Amino acid sequence: MQIIMLIDMDYFFVACEELRHPEVKDKPTIVGFDPKHGEGRGVVMTCNYLARKFGIKSGMPISQAYRLKPDAVYLPLDYDFYEEKSREVMKVVKAFADRFEQVSVDEAFIDVSKKAKGYDEAIGYAKTIKDEVKEKTGLPCSIGISTNKLMAKMACEAGKPDGVKLVKEEEAKEFLKSKELDDLYGIGKKTKEKLEAMGYRTVGDLAKANTMELMEKFGSFGVEIRKYANGMDESKVEENYEVKSIGRETTFEKDTTDTQTIINAIKRLSAEVIDEVKSAGLTFKVVTVKLRYGDFTERLKSRSIRRSDDPDDLISNSVDLYLRYSNKAKLMRKIGVRVSDLTKARGQKKIGEFTR
Ligand code: TTP
Ligand code: MG
């Protein structure tokens, strides 16, 4: 029997901030854009569980969060710090794994089939991992355990926060039965709407769906989600090594301060980046803009967004980063657009070999 675990850090960005601001620990805390007393634009990246009690969540406009809880603690995003912590966490987790696959900044699958024999041992092993992560990095995580990646992920969600949750192979169908369609890995808003139009309401309905009908509507993806709905997933934990990125840069023919020229360049570069992202079947989560001025000083500005492969997301975020952070008085020599934290669009793989 395979034993697969998903380790997912709890309220990751805020948990990282707690390490250096212990005073926020008992307060509702949000990492995201400046709320500017309710006038701020941009979104909540994440928040701790105290803030979630007030209805605040990732992706919500920061102005809405401010209306819900104006006296929460609002902290700015420091992606470099979270990546540093992520590397520490992953190093600890990897040491416990037969096979290790990082899937985002704060989650990794591990195959521990050789190290933990049977469910009882697996639970003990997961608790050891959790304690070790806490001890070495100071950060809390949750661990889902099952016999495949899909169910390990679903178990982890159910065990959050600060939990170790096992779903045995024979319990998987029952566990999934009453879940909402978009609770199931692989099903987003659009697929959910299509499935609902076909009369399916829950994951249990999908598990019993007519395969031919799903094939007609979704092709092989239909067969895949029906398998998921039955708790089945054959994908392996695939070793990976580092996070890579896809980027393009251009040097202006003449150094320029003209905003429109620069924005046009960003749009063109973004389109090229998206072409490569899509042809590789990837999605991205981090957008970085590189600004190099005529005096050769350089600025790199990054932002973590909702996972996407949409050109509009890349263009709007990179243009916004440029508008916010560039020094308009200085001549611009070169500009670059880059995406990172890459994952297969529907798989769970983090992809390596696309840097230029
Ligand atoms: P998640 O694991 O989805 O969220 P979380 O770790 O904050 O909370 P929990 O797992 O306990 O539910 O995402 C990991 C980090 O990624 C999160 O701390 C912030 C960041 N993030 C974004 O930048 N944008 C997003 O839309 C989401 C959902 C997360
Ligand atoms: Mg997390």
Nothing charged except the Cβ atoms of Lys and Arg (+1) and of Asp and Glu (-1): what's the magnitude of the dipole of the range 245-344 about its Cα centre? Round to the nearest 20 debye.
320
Using only Cα atoms, find the angle between the long axis of helix 118-137 and the longest principal axis of the chain, and express it within 0 to 90 degrees, rounded to the nearest 10.
30
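Counting each DSSP H run of 4 or more residues in the chain as -39500 (n - 2.57), what helix-only mean residue ellipticity at 222 nm follows after dividing by all residues, to the nearest 500 deg cm²/dmol?
Rounded to the nearest 500, the figure is -12000 deg cm²/dmol.
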Applying 1/(1 + (r/R0)^6) with R0 = 25 Å to the Cβ-Cβ distance of GLU23 and ASP131, what FRET efficiency is obtained, to the nearest 0.05?
0.50
How do the peptides 280-288, 172-180, 202-210, 254-262 rank, highest first, by the average count of neighbouring beta carbon atoms within 10 Å per residue?
280-288, 202-210, 172-180, 254-262
The range 18-63 and the range 250-292: distance between their alpha carbon centers, rounded to Å:
30
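I need to check one value: relative contact order of the chain, counting alpha carbon pairs closer than 8 Å and at least 6 residues apart, in percent.
Relative contact order, the chain: 16 percent.
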Size of the dipole of the range 152-213 about the Cα centre, Lys and Arg at +1 and Asp and Glu at -1 on the beta carbon, nothing else charged, in debye to 20?
120
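Readers should treat all values here as calculations from the given coordinates under stated rules, not as data from a laboratory. Predicted, not measured: the structure shown is a model, and the values here were computed from it. All Cβ positions, even for glycine, are placed from backbone atoms using ideal geometry, and neighbour counts span all protein chains on display.
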